[in-house]
1. Filter the stretch 367-408 down to the residues that are open to solvent by 60 Å² or more (accessible area, probe 1.4 Å), farther than 27 Å from Leu475 by Cβ and not charged (D, E, K, R) and list them by number.
2. Can you tell me which of (1) open to solvent by 10 Å² or more (accessible area, probe 1.4 Å); (2) over 29 Å from Leu192 (Cα atoms); (3) not acidic (Asp, Glu) is the one Arg215 doesn't meet?
3. For the list (1) closer than 19 Å to Thr385 by Cα; (2) among the small types (Gly, Ala, Ser); (3) at pLDDT 90 or above, I need the number of the one condition that Ala449 fails.
4. Collect the residues in the stretch 237-259 that are more than 17 Å from Leu146 (Cα to Cα) and open to solvent by less than 10 Å² (accessible area, probe 1.4 Å), keeping them in residue-number order.
5. With respect to the numbered conditions (1) modelled with pLDDT under 85; (2) in a helix (DSSP H, G or I); (3) hydrophobic (A, V, I, L, M, F, W, C), which one is the sole condition not fulfilled by Leu218?
6. Would you pick out the residues in the stretch 413-429 that are within 17 Å of Ala169 (Cβ to Cβ) and of a type outside the set (A, V, I, L, M, F, W, C)?
7. Find the residue count for the stretch 159-170, including only residues that are touching an Asp or Glu at 6+ places or on another chain (Cβ under 7 Å) and more than 18 Å from Cys442 (Cβ to Cβ).
8. Would you confirm, using the coordinates I've provided, whether Ala82 is under 28 Å from Tyr463 (Cα atoms), of a type outside the set (S, T, N, Q) and buried (at least 16 other Cβ atoms within 10 Å of the Cβ)?
Amino acid sequence: MGGQSLHVLNALDVAKTQWYHFTAIVIAGMGFFTDSYDLFCISLVTKLLGRIYYTVGHDKPGSLPANVSAAINGVAFCGSLAGQLFFGWLGDKMGRKRVYGMTLMLMVVSSIASGLSFGKDPKAVMATLCFFRFWLGFGIGGDYPLSATIMAEYANKKTRGAFIAAVFAMQGFGILAGGVVAIVVSAAFGALYPAPTFQVNPLLSTVPQADYVWRIILMFGAIPAVITYYWRMKMPETARYTALVAKNTRQATADMSKVLQVEIEAEPEKVEELDGRRGRGNEFGLFTKEFLIRHGLHLVGTASTWFLLDIAYYSQNLFQKDIFSTIGWIPPAKTMNAIQEVYKIARAQTLIALCSTVPGYWFTVALIDKMGRFTIQLMGFFFMTVFMLALAIPYHHWTVSGNQIGFVVLYSLTFFFANFGPNATTFVVPAEIFPARLRSTCHGISAAAGKAGAMVGAFGFLYAQNAIGLRNTLLILSAINFLGFGFTFLIPESKGKSLEEMSGEAEQNKIPTRESAMEAGLEVRTSV
C-alpha cells in the first residue's frame, strides 16, 4: 500500500553530519552575522548622531528628535519587511541560490553607502542615512527566508533544527561584534582625540573627528558579507528545489552525489510519474482553498508569534541605552564627552549580549532537537512574561541606588529566554512545515510579520516610554509576550520528521505500489 520517495531526498534525510553541513552553517550564518550587526549597530551611535548634528545651546547634549530617532531605528525594518516578501517569493520562483547572491551584494553596497551618508545640513545627512538603511534592510530581509530555507533543505531530519538554529545563532555574534567594534573604535578615537566632558566644555566635548566614529562602525558590516560572497556562489542549488520545484531530479542527484560523496540513483521514471500525479490537482498555490485547509492555521501561527515576539524583542534591544540610562547604569550624558558615551553604551550592550543573548541562542542549538520547537517556544514566551512582570511591578525598587544590578540580571534573563525560546524557533519552524514550492514565500511572510512587529517596537516604544513611562511600557510588553504564548498552540511540532512529512508532500512524492496504483486508477508496469 505504501511506496518509495525519491532517493535523493531520502539520502539527505538520513545523511550523517558531515563537513558540508558545517560549511553550509558558516556560509548562511555569516549572512546572519552581517544582518544582525547592521540592524543593531545603529542603536550604538544614535546618541552620537544627536550630539554631532542636533546640539543646541549649552544646557544638555544634543539628541535626535523623536521622529528622526524613530525613522533611523525603524527604516531598516521597513526595508526588511519588503525584502522578506519580495525575495521570499523570488526564492521560490528563481531558486534559492540565484537570489542568495543578490541579497548579499545589496547588503555590502548599502552598508558602505550608509557610512558615506552626505548632506549640507543635519536633515540632509539623516535623510541620506535613512535612504541607504532602507536598502540595507531590503537586502537583509531577503536573507531571512533564503538562509532558513537553504539550511532546512540541506540538513538531515535528525539534526535539522540545530543546524537552522545555528545559522540564526550567528545573529548573537553579530550583535556582540557590533558592540566590540564600537568599543575598539571609540576607545581608539578617545585616546587619539581627548576631549572634556559636556559639563566642562559643551563645545569641545564633541570633537570633529567624532563624525568618523559612527561612519566606521556602520561600514564595518560590509566586511564579513564580502568574505562570504564567493562561497555563497559556489553552493549548489538545494536538491529539494531542483527535484520538487524545478523537477530536474538528474541535476539534484548529481549535485547531492558530489556534496554527500555517495552514488545516488537519478530515478527519472519516478519524476515522470510524480509529474503526472501532480498535474491532477496537487500543485495548489498560496491563495487557494487547499492551502488554507492544510496550512492556513500554521501560517497564522508562525506569522502571529513572530509578530508578537519582535514587538518585545526589538523594543528592548534597540532602546537598551535608554533603559540603562533610566536606571542609572550608564552615567548622565553631561558627565561624558561624545566618544565616551559611545564607549559606555557599547560596553553595556556587549555585556548583555555576552551574558544572555549569545548563550541563549546556543542553548537552543543544543536542545532544539531534544526538547522540540513547540516546547522551547512555549517556555520562552512564558519566562519572558514572568521576568518582564518582575521588572515592571516593583519598578521603583530597581531605580533605587544599589538595586540596578538586580534589574540588569532580570533584564538579561528576558533576553536569554527570548533567544532560548521564540526568537530562534520562530525562524526555524516556517522553514520546515510548508511545501517546497511555497517554503521560501511562507517563511518570508512569517518573517515580514515579525518585522512589522519590530517596527511597532521601534516606533511605538519611543513614544510609549515618553507618554506612559518605562514601567507601564514593560507591563504592555508582558501582555504581548503572553499573547505569543497563546498563539504558539497553532504551530505543529516538526522534531524528527522529514520536510515532506511536515508539508504533506510525502504522500505526493510516494510512488504507488501495484495495489495502491490500481486503486488510484494508474497504469503500472511490472518488472519481469
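The values are calculated or read from the model by the stated rules, or taken from the named source; none is laboratory data. Predicted model, so just to flag it, every value in this text is computed and none were measured. Cβ sites come from the backbone with ideal geometry, for glycine too, and all protein chains shown count toward neighbours. These area figures cover heavy atoms from the full protein model, side chains too; ligands, DNA and RNA do not enter into them. Shrake-Rupley method; radii C 1.70, N 1.55, O 1.52, S 1.80 Å.
1. The answer is Met371, and nothing else.
2. Against the list (1) open to solvent by 10 Å² or more (accessible area, probe 1.4 Å); (2) over 29 Å from Leu192 (Cα atoms); (3) not acidic (Asp, Glu), Arg215 comes up short only on (2).
3. Tallying (1) closer than 19 Å to Thr385 by Cα; (2) among the small types (Gly, Ala, Ser); (3) at pLDDT 90 or above, Ala449 fails exactly one: (1).
4. Ala243, Thr249, Ala252, Thr253, Met256
5. Just one mismatch for Leu218, condition (1).
6. Answer for the stretch 413-429, where residues must be within 17 Å of Ala169 (Cβ to Cβ) and of a type outside the set (A, V, I, L, M, F, W, C): Asn419, Gly421, Pro422, Asn423, Thr425, Thr426.
7. So the count comes out to 2.
8. It is true that Ala82 is under 28 Å from Tyr463 (Cα atoms), of a type outside the set (S, T, N, Q) and buried (at least 16 other Cβ atoms within 10 Å of the Cβ).
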